[in-house]
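Beneath this line is the structure, given in structure tokens, with notes to follow.
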Amino acid sequence: MSQLSTRHLLGIKDISTEDIQLIFETADNFKEVLNRPIKKVPSLRDITIANIFFENSTRTRLSFELAEKRLSADVINFSSSNSSVKKGETLIDTVNNILSMKVDMVVMRHSSVGAPHFLSKHIKANIVNAGDGTHEHPTQALLDAFSIREKLGDVAGKKVAIIGDILHSRVALSNIFCLQKLGAEVMVCGPITLLPKHIGSLGVKIEHDVEKALQWCDVANVLRIQLERQQIKYFPSLREYSLYFGINRKMLDRLDKEIVVMHPGPINRGVELNSDVADSEHSIILQQVENGVAIRMAVLYLLAGAK
């Protein structure tokens with residue numbers, strides 16, 4: 001199989017294990033391209049891609065933009081903060097106006113759950129979900145699993161603990177779906193207030209003691225505390241969160257094994273992770289960033305072929 005089973009990447013839930021493996025194999029090839037002196041290929045020379053971000057993003061937007069330019073696509077960047085959305089224009093009107101400029105593909109981030117799914121039913125372009133509310137962030141989950149595969153050789157059979165603010169995270173849900181499809185065991189760990197009520201129904205283990213989670217896992221994927229999404233207080237203070245759920249070097253040194261530490265970024269240093277962990281030999285955080293470009297190149301390239 002050299003084609004995805006879908007025209008869009010809306011969520012990990014909607015794609016098959018074969019799709020994920022194909023994206024990984026394609027990303028392996030693009031990773032070689034990124035390490036060459038000339039880091040560009042003409043694969044999407046005749047394709048126009050619109051990056052439509054209705055929510056703030058630095059890393060994801062830059063990673064997609066770099067991936068698009070490495071593939072020689074024409075790129076349009078759209079940010080809702082300085083657009084007609086502020087004047088009350090609807091989502092479909094906004095996107096249709098952009099598509100009338102003959103855009104082939106849309107990369108979209110939106111604060112509303114299901115916005116990319118809604119759009120995929122109304123427009124012809126391929127859609128990549130770059131994050132919808134607290135629902136899914138498929139390319140982040142793909143690059144995280146790809147980074148585990150690169151570091152440990154395989155994802156199947158590995159124990160991965162997702163630690164932190166699970167409730168407000170779209171990364172957590174996509175990661176759970178992706179890791180389970182690839183045969184990993186998943187645990188979520190955090191304060192009771194930051195774990196969704198029905199998280200156990202997804203077939204994950206639940207833990208509230210960080211040291212026990214670290215002792216159990218091969219990989220700790222540590223999530224950011226998303227203060228911007230919290231309308232009420234879910235814990236007394238950042239200092240208290242750090243005290244009970246922050247990870248420091250002493251904790252890693254107490255383990256009787258080596259574990260891999262990941263973080264989707266940006267890191268609240270001194271809250272979820274201390275610098276002596278984030279910058280240690282355990283951490284593959286910078287590799288995640290590098291792999292993000294290769295994974296997004298693979299997704300865009302394969303979707304362009306799925307027309």
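The values are calculated or read from the model by the stated rules, or taken from the named source; none is laboratory data. In this text the structure is predicted, and so the values were computed from the model without any measurement. Cβ placement follows ideal geometry from the backbone for every residue including glycine, while neighbour counts extend to all protein chains displayed.
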(request) Go through (1) touching an Asp or Glu at 6+ places or on another chain (Cβ under 9 Å); (2) in a strand (DSSP E or B); (3) in contact (Cβ under 8 Å) with a residue 40 or more places away in the chain; (4) under 28 Å from ILE38 (Cα atoms) and name the single condition VAL75 misses. (result) (3)
(request) Name the single residue, out of those in the stretch 148-170 being in contact with a Gly (Cβ under 9 Å, 6 or more places away or on another chain), in contact (Cβ under 8 Å) with a residue 60 or more places away in the chain and surrounded by fewer than 24 Cβ atoms within 10 Å (Cβ to Cβ), that is farthest from MET187 (Cα to Cα). (result) LEU167
(message) Could you check the stretch 80-105 and list, in sequence order, the residues that are among the small types (Gly, Ala, Ser) and either at pLDDT 80 or above or surrounded by 13 or more Cβ atoms within 10 Å (Cβ to Cβ) (or both)?
(response) SER80, SER83, SER100
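Can you give me the number of residues within the stretch 152-170 that are outside any loop (DSSP other than H, G, I, E, B), at pLDDT 95 or above and within 17 Å of the chain's Cα centre (by Cα)?
Of all residues in the stretch 152-170, those outside any loop (DSSP other than H, G, I, E, B) come to 152, 159-163, 170.
Remaining after also requiring at pLDDT 95 or above: 152, 159-163.
Then drop every residue that is not within 17 Å of the chain's Cα centre (by Cα), which leaves 160-163.
Matching residues across the stretch 152-170 total 4.
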(message) Kindly evaluate VAL188 against the criterion of being modelled with pLDDT of 95 or more, crowded, with 21+ Cβ neighbours inside 10 Å and within 21 Å of THR17 (Cβ to Cβ).
(response) no
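Could you tell me whether ILE23 is of a type in the set (Val, Ile, Thr), touching a helix residue (DSSP H, G or I) at 6+ places or on another chain (Cβ under 9 Å), within 27 Å of HIS168 (Cβ to Cβ) and not in a helix (DSSP H, G or I)?
Working: of a type in the set (Val, Ile, Thr): yes; touching a helix residue (DSSP H, G or I) at 6+ places or on another chain (Cβ under 9 Å): yes; within 27 Å of HIS168 (Cβ to Cβ): yes; not in a helix (DSSP H, G or I): no.
When the stated conditions are applied, ILE23 does not pass them.
Condition check: closer than 18 Å to ILE12 by Cα and without any contact (Cβ under 8 Å) to a residue 60 or more places away in the chain. Does PHE177 satisfy that? Can you show your working first?
Numbers: closer than 18 Å to ILE12 by Cα: yes; without any contact (Cβ under 8 Å) to a residue 60 or more places away in the chain: no.
Here the answer is no, as PHE177 does not meet what is asked.
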(message) So, SER111, is that one surrounded by fewer than 18 Cβ atoms within 10 Å (Cβ to Cβ), small (Gly, Ala, Ser), within 16 Å of the chain's Cα centre (by Cα) and over 12 Å from VAL219 (Cα atoms) or not?
(response) yes
(message) Take the conditions in a helix (DSSP H, G or I), buried (at least 23 other Cβ atoms within 10 Å of the Cβ) and not assigned by TED's automatic domain parsing to the domain that holds ALA125 and apply them to ALA213. Does it pass?
(response) yes
